1. Name the helices (runs of 4 or more DSSP H) wholly inside region 137-223 in which the number of residues that are under 19 Å from Tyr51 (Cα atoms) is 2 or more.
2. Report every pair of residues separated by at least 6 positions or lying on different chains whose Cβ atoms are under 7 Å apart, first residue within region 258-281 and under 24 Å from Arg528 (Cα atoms) and in contact (Cβ under 8 Å) with a residue 60 or more places away in the chain, second among the acidic types (Asp, Glu) and not in a loop (DSSP other than H, G, I, E, B).
3. Within region 189-220, how many residues are without any contact (Cβ under 8 Å) to a residue 40 or more places away in the chain and of a type in the set (Phe, Trp, Tyr)?
4. Collect the residues in region 321-337 that are at pLDDT 95 or above and surrounded by fewer than 12 Cβ atoms within 10 Å (Cβ to Cβ), keeping them in residue-number order.
5. Take the residues in region 384-402 that are open to solvent by 10 Å² or more (accessible area, probe 1.4 Å) and in a strand (DSSP E or B); name whichever of them is nearest to Glu556 (Cα to Cα).
6. Those residues that are within 28 Å of Glu368 (Cα to Cα) and either under 21 Å from the mean Cα position of the chain (by Cα) or part of a loop (DSSP other than H, G, I, E, B) (or both), I need them from region 492-515; list them, please.
7. If only one of Ala150, Ala173 is touching a helix residue (DSSP H, G or I) at 6+ places or on another chain (Cβ under 6 Å), at pLDDT 95 or above and open to solvent by less than 30 Å² (accessible area, probe 1.4 Å), which one is it?
Amino acid sequence: MLKTNGNQFTLDGKPVQILSGAVHYFRVVPEYWEDRLLKLKACGLNTVETYLPWNLHEPRKGEFQFSHMADVEAFVELAGKLGLYVILRPSPYICAEWEFGGLPAWLLKDKNIELRCSNETFMKHVSDYYDELIPRLASYQYSLGGPVIAFQIENEYGSYGNDKQYLSFLRNALIDRGITSLLFTSDGPEMVEAGSLPDVVTTVNFGSKPIEAFERVEQFKANHPKMCMEFWIGWFDHWDGKHHTRDGVDVADTLRQMLKSGASINFYMFHGGTNFGCMNGANHYEQYTPTITSYDYDALLTESGEITEKYRLVQQVIKEFVEVPELEIDQPPAYEYGQVKMEEVCSLFDTLGAIYEKRVHAYPLSMEQLGQNYGITVYKTVLPFSGTFEIDTTPIRDRAFFYLNGKLVKVIYRNDKEKNIQLKADQEVNVLEIVVENMGRVNYGKNLKDSKGIISPLWINNQFVFDWEMYSVELNDLMALNGIANEDSRYPKFFRGLVQVETCMDTFISTEGWQKGFVFINGFNLGRYWEKGPQKTLYVPAPCLKEGENEIIILELEGNDTEMIRLNKQADLG
């Protein structure tokens, strides 16, 4: 077993230096897991680390998912087969710039729930999840012949709360379900005291100044092993922001300092991957900033798994300290399939009632109250007045399109400073429709409790307006679009095109000429695009394609000045 002996880790009683890299199985198609893990091993690393997102494994209360990209057991087995140790971080909250920090959206249906603390309701949900999850992982522990050497009990808790009773509950929840492996917490240097427990290992997260960070842990726990659980070698991007990079020489120099000191490390990220579907998170400090689809992170491997110059520099440093295996690794080239015409079209409004079920309630319900996790919610009411009126848009999350009597009259965004908007109802009977897009729940900080849709009754013309119709568009059953008549000319619109493929290879869909929306390939949601960038292409892994005819569907929310989509052989992340 992995244990601590003074300031050292030991495995089977012998000193061991953990050289790890983060690869999130849920951000990589399973067909590519082996490729990414072999490249990790070839870099000189002996361990792979991954979070486990609760919202992936229990998307609805009591409905568990452990197949395809959620098959964590297959990922762990593969890592062990390739001769790697595994560190698992199954804490209910993961951050990771992942939707809601990995927490399932259905938690927010209960407006009285408190997250990440000794709230009885929250802890009961965690217990139910762990009853299903942890027994699946326990048999892979190193002490039982498996590759898993350590488990995290909570993630960066010192940056969120001070409930030590809750931390103890999580520790005991693992132990009571058969986990005998080394347990740890991880926090920033300034937060290690608040986020740790006395009887579990304290690890630290940082991107630079390793000596100072480890000294902070030493002050807290003397003669303690040095472990950087997240060595940030790049960073993530937000929509309407810049693409972040970090110099590889700087990363290599910082790594050398750590390895000279005898510290164990985990690269965050070794390989970032992709926030497929609606799984990007968001930050909310002064304003709301949703994360882009790509999680390239300027890591050692690119989003599509290519070895970078930063990888080579890190590999050279590691060779100064340990023997690195020589492995032959192929990198299949990407392919430019060219232009595809999106020939078929239908409005989202054509699908309401035909595909998406109508719900009726006195006032608008939030996405979570409707039992909806992701996507778009459409709200509709008949206004009890005519003339100019004002709406307080404060309860709307995150981006909304206002239609009066079938005409688009206003688009608002959560970050707009002006929350009260004026509209004019100029007919005897006036129908108001509001299309609301969830752009990703907050994954970190004080605004973590981030409900979506319209989260409370709307104040319109100095009164609450009642009697609403609602439609949940969760974007998970596009086969139903076949046969829908194109009668409504309004956006959002679904566009459909076909591309012929002889050999399946990685490619990148350019969204130039399209404003904002989602792209699907053969029913798989590649993620969202937005003309604001920085990301200008969406990654299409070769396993998402098939030989012959492939279907591309675009849900364009705002408007497009082209009917063409282009499949390029290079990414453009800005």
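The values are calculated or read from the model by the stated rules, or taken from the named source; none is laboratory data. In this text the structure is predicted, and so the values were computed from the model without any measurement. FYI the Cβ positions are ideal-geometry reconstructions off the backbone, even for glycines, and counts take in every protein chain you see. Heavy atoms of the whole protein, side chains included, go into the accessibility calculation; ligands, DNA and RNA do not. Shrake-Rupley method; radii C 1.70, N 1.55, O 1.52, S 1.80 Å.
1. It comes to 164-175.
2. Tyr268/Glu230; Cys278/Glu99; Met279/Glu99; Asn280/Glu99; Gly281/Glu99
3. 2
4. Glu323, the sole residue that qualifies.
5. The extreme case among them is Arg399.
6. Pro492, Gln515
7. Ala173
Yes/no matrix, rows are residues, columns are (1) of a type in the set (S, T, N, Q); (2) closer than 23 Å to Lys242 by Cβ:
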{"site": "Lys516", "(1), (2)": "no, yes"}
{"site": "Pro534", "(1), (2)": "no, yes"}
{"site": "Leu538", "(1), (2)": "no, yes"}
{"site": "Asn550", "(1), (2)": "yes, no"}
{"site": "Ile553", "(1), (2)": "no, no"}
{"site": "Gln570", "(1), (2)": "yes, yes"}
